[in-house]
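Working notes, beginning with the structure itself.
The values are calculated or read from the model by the stated rules, or taken from the named source; none is laboratory data. Nothing here was measured: the structure is a model prediction, and the numbers come from that model. With ideal geometry, Cβ positions are generated from the backbone for all residues, glycine too; neighbour counts draw on all protein chains shown. Calculation scope for accessible area: heavy atoms of the full protein, side chains included, ligands and nucleic acids excluded. Shrake-Rupley method; radii C 1.70, N 1.55, O 1.52, S 1.80 Å.
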Amino acid sequence: MPDTNEYATTFAFVDADSDGRISAQEYADLMHRLGDSCTEDQALGAIKAMDEDGDGLITLDEFTAYMSDTRS
Ligand SMILES: [Ca+2]
Ligand SMILES: [Ca+2]
């Protein structure tokens, strides 16, 4: 698996409270930090696109799988 460490670094950056899961709130906060406007609906949509088990939170596995798919 290529660039796993790179994904883990990005994941840790987004996971503001370091609980190992990215929530829609954390995603929206990141977008705001980057200077983007991001509505709650947009954040939920982004989470839903990555969320494979449907629990509304993104694990590193789900994040890595999503990023790998996007690049290939
Ligand atoms: Ca978190
Ligand atoms: Ca999930």
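Quick notes on this structure:
- Kirkwood hydrodynamic radius of region 29-72, from inverse mean 1/r over distinct Cα pairs, in Å: 11.3
- To the nearest ten degrees, helix 24-33 and the longest principal axis of the Cα atoms of the chain are 80 degrees apart.
- Residue-averaged [θ]222 nm for the chain, counting only DSSP H segments that reach four residues, each worth -39500 (n - 2.57): -18500 deg cm²/dmol
- Using alpha-carbon coordinates, inclination of helix 4-14 to the longest axis of the chain, degrees: 10
- Spin-label pair GLN42-THR9: with each label point 7 Å from Cα along the Cα-Cβ axis, the two points sit 2.6 nm from one another.
- Extension gain from HIS32 to ASP19, taking 0.36 nm per residue of separation minus the Cα-Cα distance: 2.7 nm
- For the chain, with +1 on Lys and Arg beta carbons and -1 on Asp and Glu, the positive-most of HIS32, ALA46, ALA65 along the dipole: HIS32
- Gained length - ALA49 relative to ASP61, 0.36 nm times residue gap less alpha-carbon distance: 2.9 nm
- Rounded to the nearest 10 degrees, the angle from helix 40-50 to the longest Cα principal axis of the chain is 10 degrees.
- Solvent exposure of the chain as accessible area per residue, Å², 1.4 Å probe: 66
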